[in-house]
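Report on the structure given below.
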Amino acid sequence: MITVMKFGGTSVGSVEALKRSAEIIIRSKHSTVVVVSAMSGVTNYLIGHLDSGELNASETVDMLRKKHLDVASQLLGEELFASYQEELDRRMDNLEYLLRDPESHKDPYFRDDISSQGERFSSLTLSYYLRELGQDSVALTSEEAGIHATGMPGLGSAELSLTSRDLPYNVRPLLDEGKIPIITGFYGRGPEGKPLTFGRGGSDYSGAVVAHAIDADCLEIWTDVNGFMSSDPRIVSGARTIEEMNYSEAAELAYFGAKVLHPRTIEPVRRKHIPLRVKNTFNPDDFGTIIHHLRAPRGELLRSVAMKSDLSIITVNSAEIAYRPRMVARIIDKIADAGVILYAISTSLSTIALLIHNLDVKETLRHLNTLEGEEIDRIDVKSNMCLICAVGDNLLARCGASAEIFGAVREAGANVELISEGASDVSLNFVVPMDHATSVIRQLHEKYIGV
Ligand code: ASP
Ligand code: MG
């Protein structure tokens with residue numbers, strides 16, 4: 001049996017957290033492959049300074065070196081600390097070189113290279129600590145492990161077939177020798193061998209990619225909450241952990257609201273029916289959430305209600321849009337050109353309504369306004385909207401489910417501004433003004449999940 005365990009930033013973010021994570025790894029009865037995030041705060045620091053243009057080489061390296069040595073000195077004995085320091089310094093030197101070299105700044109993958117440095121340090125710390133505890137462990141970078149990536153800088157996707165070819169070749173022999181590999185999350189080996197990151201929070205996805213490639217029996221995502229919840233506990237006091245979900249429900253929830261798991265984590269494990277558990281490093285005895293293929297049917301209408309706020313509806317009016325060849329395609333193309341995420345689309349004969357983030361409105365309008373030849377009559381914007389994502393097993397097939405859900409919305413006194421139904425059979429997504437969102441969520445939770 002092989003388990004892949006992914007530890008997030010807070011789970012490797014302090015001496016205390018590393019002790020807990022190591023204990024969890026050692027307690028596992030299976031062969032274990034570990035994937036790690038950077039220590040919490042490190043990626044934010046690197047990206048924040050990259051953005052502000054204030055990434056000073058010696059300051060950055062001094063700060064990161066101190067942060068990691070401080071933790072390692074409390075975890076490692078003299079001997080291992082000395083060799084840890086040597087290896088860490090080699091990695092720090094590489095970072096310093098990258099930051100000082102004007103040529104590397106011109107590389108399109110420079111940002112990926114810098115922002116993924118934290119994982120290269122944290123993997124080393126955890127691996128050395130396991131060795132200190134008498135385990136045989138080895139730290140591997142994504143390149144050494146054989147995680148391949150493809151795509152634009154900052155927006156990588158794993159090349160699953162190449163990774164499935166190389167990663168077992170590199171990792172299985174280590175497992176056979178009883179070693180615990182600790183692999184860097186967040187990035188893969190991209191074009192020309194350059195590091196390519198999977199987007200913020202992408203280490204969860206790395207965990208799933210590794211589990212897929214090595215044919216793991218289980219993927220465990222170790223984080224700082226107990227699992228998926230039926231709603232945001234800050235909004236709904238009766239919100240509780242959901243013990244069991246299927247892949248589709250988890251994917252919808254992860255995408256639309258819950259920040260428990262990176263939404264892309266589901267796909268690689270779904271393909272091989274590998275069960276995924278979300279567990280709390282700081283409360284490991286809690287059951288957490290298990291996400292898997294089959295689940296016994298249950299009675300309740302909804303399993304969870306999540307929301308995404310600060311959205312805007314852009315409505316493009318043009319006579320008889322529906323009859324004009326490629327008109328809808330051209331509008332969507334403009335959104336793609338603007339590099340904007342579309343949360344929902346709804347069309348009628350003469351309008352198309354697009355749901356996007358408030359912050360993307362300006363850029364979207366700029367691109368839509370280049371459509372002049374297309375006889376756009378008007379473009380309207382409604383801001384400060386909230387997307388409510390109501391998730392339930394087999395929701396679409398249940399006669400009367402929408403009537404019940406919208407009945408509850410009416411009781412909350414909210415007007416529904418846009419609906420997306422029928423696209424997913426596990427979720428009903430609709431938009432209400434932000435100032436009504438909380439009462440809608442509470443009403444739905446109380447009626448269909450429980451107080
Ligand atoms: N360290 C990366 C980030 O903060 C990846 C991750 O934590 O999943 O986005
Ligand atoms: Mg995360």
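Can you find a residue that is among the small types (G, A, S), touching a residue at least 60 places away in the same chain (Cβ under 8 Å) and part of a loop (DSSP other than H, G, I, E, B) anywhere in the range 275-289? Taking every residue of the range 275-289 in turn, at least one turns out to be among the small types (G, A, S), touching a residue at least 60 places away in the same chain (Cβ under 8 Å) and part of a loop (DSSP other than H, G, I, E, B). Taking the numbered list (1) over 17 Å from I25 (Cβ atoms); (2) crowded, with 22+ Cβ neighbours inside 10 Å; (3) more than 16 Å from ligand 2 (Cβ to nearest atom) in turn, S115 passes all entries but (3). In the range 389-405, of all residues being among the charged types (D, E, K, R) and surrounded by 14 or more Cβ atoms within 10 Å (Cβ to Cβ), the one that is nearest to A254 (Cα to Cα) corresponds to D393. Residues that are more than 16 Å from ligand 2 (Cβ to nearest atom), assigned to a helix (DSSP H, G or I) and of a type outside the set (K, R) within the range 1-44 comprise V15, E16, L18, A22, E23, I24, I25, I26, listed in sequence order. Here S73 passes the criteria (1) part of a helix (DSSP H, G or I); (2) surrounded by 14 or more Cβ atoms within 10 Å (Cβ to Cβ) except the one numbered (2). What is the residue count in the range 12-44 for residues that are within 10 Å of ligand 1 (Cβ to nearest atom) and in contact (Cβ under 8 Å) with a residue 60 or more places away in the chain? So the count comes out to 8.
Pairs meeting the criteria (first residue in the range 418-440 and more than 21 Å from I352 (Cα to Cα), second residue hydroxyl-bearing (S, T, Y) and assigned to a helix (DSSP H, G or I), beta carbons under 8 Å, at least 6 apart or on different chains) are D425/S248; V426/S248. Return a yes/no flag: does the range 247-262 have any residue that is in a loop (DSSP other than H, G, I, E, B), away from ligand 1 (no atom under 16 Å from the Cβ) and free of Cβ contacts under 8 Å to residues at least 40 places away in the same chain. No: zero hits. Evaluated against (1) in contact with a Lys or Arg (Cβ under 9 Å, 6 or more places away or on another chain); (2) more than 16 Å from ligand 2 (Cβ to nearest atom); (3) part of a loop (DSSP other than H, G, I, E, B); (4) under 25 Å from E446 (Cβ atoms), A239 falls short on exactly one condition, (1).
If you check A336 against the conditions, is it of a type outside the set (D, E) and either surrounded by fewer than 15 Cβ atoms within 10 Å (Cβ to Cβ) or not in a helix (DSSP H, G or I) (or both)? The answer is yes for A336. Looking at the structure I just gave you, is I221 buried (at least 24 other Cβ atoms within 10 Å of the Cβ), touching a Gly at 6+ places or on another chain (Cβ under 9 Å) and either on the phi > 0 side of the Ramachandran plot or in a strand (DSSP E or B) (or both)? Criteria met by I221. Scanning the range 302-311 finds no residues that are farther than 24 Å from N429 by Cβ and modelled with pLDDT of 95 or more.
Please find, within the range 45-66, the residue that is surrounded by the most Cβ atoms within 10 Å (Cβ to Cβ) out of those that are hydrophobic (A, V, I, L, M, F, W, C) and either assigned to a loop (DSSP other than H, G, I, E, B) or touching a Gly at 6+ places or on another chain (Cβ under 9 Å) (or both). Across the range 45-66, the extreme among qualifying residues is L64.
The values are calculated or read from the model by the stated rules, or taken from the named source; none is laboratory data. Note that this is a predicted model, so its numbers are computed, not measured. Please note: Cβ atoms are built from the backbone with ideal geometry, for glycine as well, and neighbour counts cover all protein chains shown.
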